[in-house]
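Structure first, commentary second.
The values are calculated or read from the model by the stated rules, or taken from the named source; none is laboratory data. Keep in mind that what you see is a predicted model, and the values were worked out from it rather than measured. Backbone-built Cβ (ideal geometry, glycine too); neighbour counts: all protein chains shown. The accessibility values were calculated without ligands, DNA or RNA, using every heavy atom of the protein model including side chains. Shrake-Rupley method; radii C 1.70, N 1.55, O 1.52, S 1.80 Å.
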Amino acid sequence: MSFASLETLPIARSLAQIADREDDVAEVYLERVEEVGVAEGRWSPGTTVRREEGFAIRLVREGETWLAARDGFGGERFAAALRQVARALPSASYTIPSLEVPALTEPVEAHEVIEFEALIRAAVKQHLVAFPMRIEVRRHRRDVQIIGTKLVPEGERELYYSCRVRLPWGGYGAVLPALDTAAADRLAESLVAMFRGSKAPRVTDRVRPVVLGPAAAAVFLHEAVAHALEVDTLALEGSPEAAIGLKLGSEELNVLDDPAGAPAGARRTTDDEGMPVLRRWLLFEGEVRQPIADLLGAGASDRLTPGAGRRANRFLPPVPRSTHLELLAGPHSMPELLASAEGGLFLPEATRGALDAHSGEFRLHMPYGYRIRSGRVDEAVGPLRLSGRVAELLGVVTGVGAECEPAGAGWCAKGGQRMPVWATTPAMALAGVEVGA
Amino acid sequence: MRDAERRFARLAEALSRRRLAEVELYLKRGRSHRVELGASGPRGRRLEVRTEEEGWAVRAGGPRGSLFSCGTREPDPGGSWPAARGEPLQLPAPHEEVSELAPDQVDAPLMVESEAIDRLQRFETALRRELSDARVLGAVLDDGRSEARLLSSRGVDCFQRRRAAALYIEVIAGGTRRSAQLAAPSAAGFDVEALGRQFATRLSIGREGAPAEGGSGEMVLAPAVAIRLLAGLLPLLVGGDGWRIARQLKNRRGWVGSDRLTIVDDGGLAGGILAAASDGEGVPTREVVLIEAGEYRQPLLSWREAAPARGESSGCMLRPSWRQPPEPGPTHLYIRPDSRIAPADMISSVAGGYYWLDALSAGRFDPAGDRFELPVYGFRLERGKASRPVSAARIRGSIGKLLRGIRGVGRDCAFSPHGYLFGAPTLLVEGLELDATAPPG
């Protein structure tokens, strides 16, 4: 771990100088990021490596935040950043910590990244189709250490992969816990389905029953439950605590956010504010239990629990975000879900979604889908979008599938902070959703 | 930036031993000060962020492939480098005529916290003076400067200094929301009181206006709407595909636009917010006319694209950060204003039509398919005067007809960032369709 040798006590003492009020929150966030990638394309260098590191000092006082961020480490940088967030001259002087972190000396190696590109091409070929595609694969590694005035949790490491494929009819992206043949096969299946969907007829605009496959259900829940229950979203329309106890949907909707249950490389025990993460019930039998909160959002409330503060990088403050969503299995088999949506659509995947925090309206974009006829998945349809208001759509969930699987992992970019999000979900059926081409 | 030449020489020597003859070192450092005011939380929210960044990037390659490596610690010539693969790398030759531009306010101090808060509060005061129940949902003022040095094995040696500020505003009143992203050479360049009044007008239209009736007719497009149109035309204007799209948009006489329409990109635009003498590869910037009096001249092309794409190149490889390799793109892409025509004259010339003040979203543009639609709001015009506000409408139709339907170009060119920096004056257009099914406000 990058920060194992760091002397944290002098840093905590320095922080205590600026956090001189009882409710002040002060912390140092240190990060080291390595991103290794391969890409194809006219402007893309064949291999890319980014190795960067730095820190940020944050002071939160009475709802206001001061943040000073620097590239690199070192005592002088630390002292200058500390002065920038301090609200007054310190009453006592401590020795400025050295904040020296050993350089990363590991060689740049990422064979799995290079090999994955070939695995995808081979897997697509197995489907006996061919189309032009440009593939980008990256390995992401991030070491994080939080040092507070009272708490110094263990450092955390995240290691995962991302893949982006540019196709003539659009792009496809995925975040992956590992690069192996199984991952390449799943990705190839999606690309081939997109290819076929691009040539399939479009649906006409109307309200229809739909069955969302696990990957599409994950994106739906990310927009309709996770973003809707983040305290910064809730605070736009009033007190976040007021949401607790609201009935949002069917009793089959049991939704949790559990960062400790994420895939191995992305699993966290503390968040980016150094707070322990928790298995957070967002919806219990369709009713709101615990909104997603960070330290600032939880404030002095005894009904909101922090532990979901995430930051895309040191230059941005923490924000309340989900990490790993879980929809608990329901009682329905897939044939039952399909039978309940006769004449509707089966939508296995969503490429992107967006929630308007003020109106509660959101949209999901699906790259392809299938008609449901006689209780079975039938012919393909082209790209479509699904839209509605959060409260209405959660209210028309009619069934949750019995088989959960890790699905729908991707990038979330709410508020300009780009973070990986993970999910484990079954399929789900909705009675009537506005579907448009 | 100290010892840049020595550092580069060591690096180039080490990489040449790996058979990477083409080597480029980019060093950049900058600082910024951002203040955000938001409405979330019972007490409201205030955030102040000061950042200091310093990083480097190396591109290297040869006929067998290329690599890009970047980081914050000093690059170690003898350290671990990724294997070069993929496309070969060829760097541009140096240009002697490059002389650095000196932006006016680059050395002036960045705004301080109290100054930023004062500006944002003055905006809110001006807004509420006009519309008492309006409130600011979010306001972000960012002021920054940077300097960068570029050296290459071809002999390129450039130094750039930049100063720019950005302002994002989002306001609400009675369920109507409006937002805008603006850019200026420094934080002092924003007239926040005028902005407050403008936003009050925009909110009032949303609250008091009615949806438009369908039909067509003359329409005046304010710069904010014209900028959205320009942004939607990017595939026509940038990159080798532009030729193919232009062929599809031309009419029988070979024109893509009316004789009033001239579109230009200029990386060295005098007084431009992002003006620089050279681009992210050290190639001199210059003015490139893409559409001249309605005739398609060429797309914006980098030096690599110019020969195969049959056009003249310009320095248009953009490098917003040391973290990404340079990519082609426009710097100041704008519709050339006509200094003889006042926007008010265009409005007063309309017997019956609309004046669209702003767009409600980015809209949908398909230049290759010659279709577009853009949700807008503004005023109904009758006998040259605004007769009633229109809260939402959708203008749509053929992109070719839109460009050829431009009957007047005003003298008021405004710039706004939408991924890239776009500029446009007020336009008088005829032949656009107006969709009666209004989009959600």
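Only helices reaching 15 angstrom along their own axis (Cα) with mean Kyte-Doolittle hydropathy no lower than 0.5 count here, and for the DSSP H runs of chain A these are A:8-18.
Over the Cα atoms of segment B:123-197, compute the convex hull volume and normalise it per residue, giving Å³.
Working: hull volume 6.9 nm³, N = 75.
Spelled out: Cα convex hull of segment B:123-197, divided by residues, is 91 Å³.
For the Cα trace of the protein assembly as shown, dividing Rg by the Kirkwood Rh returns an Rg/Rh value of 0.95.
Loop-located GluC sites (Glu not before Pro) in segment B:156-262 (DSSP state not H, G, I, E or B) with no more than 14 neighbouring Cβ atoms inside 10 Å: B:E213. Mean residue ellipticity, 222 nm, helices only, chain B: the sum of -39500 (n - 2.57) across DSSP H runs of n ≥ 4, divided by residue count and rounded to 500, is -5500 deg cm²/dmol. The calculated Kirkwood hydrodynamic radius for chain B is 23.7 Å, given to one decimal from all distinct C-alpha pairs. Our summary gives segment A:262-381 a relative contact order of 16 percent, counting only alpha carbon pairs under 8 angstrom and 6 or more residues apart. Farthest toward the positive end of the dipole of segment B:215-435, out of B:T331, B:Y296, B:L249, is the Cα of B:L249, where the dipole comes from beta carbon charges about the Cα centre.
The shape of segment A:8-196 can be summarised by an equivalent ellipsoid whose semi-axes, obtained from the alpha carbon gyration tensor, come to 46, 16, 14 Å from longest to shortest.
Roughly how big is the A-B contact, given as buried accessible area in Å² (both sides, 1.4 Å probe, nearest 100)?
On the way: alone 19440 and 20450 Å², together 36150 Å².
Protein heavy atoms only, the A-B interface buries about 3700 Å².
Spin-label pair B:S179-A:A402: with each label point 7 Å from Cα along the Cα-Cβ axis, the two points sit 4.4 nm from one another.
Among the lysines of the protein assembly as shown, pairs at least eight places apart or on separate chains and with Cα atoms under 26 Å apart come to 4.
Work out the FRET efficiency for B:D76 and B:D191 from their Cβ-Cβ distance, taking R0 = 51 Å, and round it to the nearest 0.05. List each step's numbers first, then the result.
Working: r = 49 Å, r/R0 = 0.95.
It comes out at approximately 0.55.
Carbon-plus-sulfur fraction of the accessible area of segment A:8-196, 1.4 Å probe, in percent?
Answer for segment A:8-196: carbon and sulfur cover 50 percent of the accessible area.
Per the Debye formula on identical point scatterers at the alpha carbon atoms of segment A:201-436, with no solvent, log10 I(q)/I(0) at q = 0.09, 0.15 Å⁻¹ is -0.35, -0.95.
Computed from phi, the 3J(HN,Hα) profile of segment A:296-302 under the Karplus parametrisation 6.51, -1.76, 1.60 (θ = phi - 60°) reads 5, x, 6, x, 8, 5, 8 Hz, with x in place of Gly and Pro.
Under the definition of Cα pairs under 8 Å and six or more residues apart, what whole-number percent is the relative contact order of segment A:128-253?
On the way: 93 pairs, mean separation 18.8, N = 126.
It comes to 15 percent, rounded to a whole number.
Simple spin-label estimate for B:R10 and A:E241 gives 5.9 nm between the two label positions (7 Å along the Cα-to-Cβ direction from each Cα). How crowded by other chains is A:204-211, given as the mean number of beta carbons from other chains within 10 Å of each beta carbon? Averaged over the peptide's residues, the number is 0.
In whole percent, and with a 1.4 Å probe on the protein chains, what portion of the accessible area of segment A:201-436 is carbon and sulfur? Don't skip to the end; give the middle numbers.
Working: 4490 of 8590 Å².
Of the solvent-accessible surface of segment A:201-436, carbon and sulfur hold 52 percent.
Neighbours of A:L337 by Cβ distance under 14 Å: Lys/Arg scored +1, Asp/Glu scored -1, total -3. For A:R389 and A:A88, the FRET efficiency from 1/(1 + (r/R0)^6), where r spans their Cβ atoms and R0 equals 51 Å, is about 0.60. Cα centroids of segment A:118-170 and segment A:362-437: 22 Å apart. Contact-buried residues of segment B:54-86, at a threshold of 20 Å² lost accessible area versus the chain by itself: B:E54, B:S66, B:F68, B:C70, B:T72, B:R73, B:S80, B:P82, B:R85 (1.4 Å probe; DNA, RNA and ligands ignored). Using the Cβ of B:L151 as centre and a radius below 11 Å, the other residues enclosed give a net charge of +1, where K and R count +1 and D and E count -1. Label-to-label distance, A:E434 versus B:R122, with points set 7 angstrom from Cα along the beta-carbon direction: 4.2 nm. Peptide A:55-67 is shielded by partner chain Cβ atoms: per residue, an average of 3 of them sit within 10 Å of its Cβ.
Would you please name the GluC sites (Glu not before Pro) within segment A:332-437 that are DSSP coil residues with at most 15 other C-beta atoms within 10 Å of their C-beta? Numbers along the way, then the final one.
Values: sites: A:E336, A:E342, A:E349, A:E361, A:E379, A:E392, A:E403, A:E434; in loops: A:E342, A:E349, A:E403.
Filter output for segment A:332-437: A:E342, A:E403.
So for chain B, averaging the separation of alpha carbon pairs under 8 Å that are six or more residues apart and normalising by length, what relative contact order in percent results? Please report the intermediate quantities before stating the final value.
Values: 1134 pairs, mean separation 70.0, N = 441.
Contact order relative to length: 16 percent.
Electrostatic tally near B:D76: other residues with Cβ closer than 11 Å to its Cβ, Lys and Arg +1, Asp and Glu -1, net +3.
Length gained on full extension, A:D302 to A:S5, computed as 0.36 nm times the residue gap minus the Cα-Cα distance: 103.3 nm. Write out the trypsin sites (Lys or Arg not before Pro) in segment A:121-173 meeting two conditions: DSSP loop, and at most 15 other Cβ atoms within 10 Å of their Cβ. For trypsin sites (Lys or Arg not before Pro) across segment A:121-173 that sit outside H, G, I, E and B with at most 15 neighbouring Cβ atoms in 10 Å, the list reads A:K150. Residues in segment B:320-329 carry Karplus couplings, in order, of x, 8, 6, 7, 10, x, x, 9, x, x Hz; the curve used is 6.51 cos²θ - 1.76 cosθ + 1.60 with θ = phi - 60°, and Gly or Pro positions show x.
Taking only protein heavy atoms and a 1.4 Å probe, what accessible area per residue, in Å², does chain B have with all protein chains in place?
Details: 18570 Å² over 441 residues.
For chain B, the per-residue accessible area is 42 Å².
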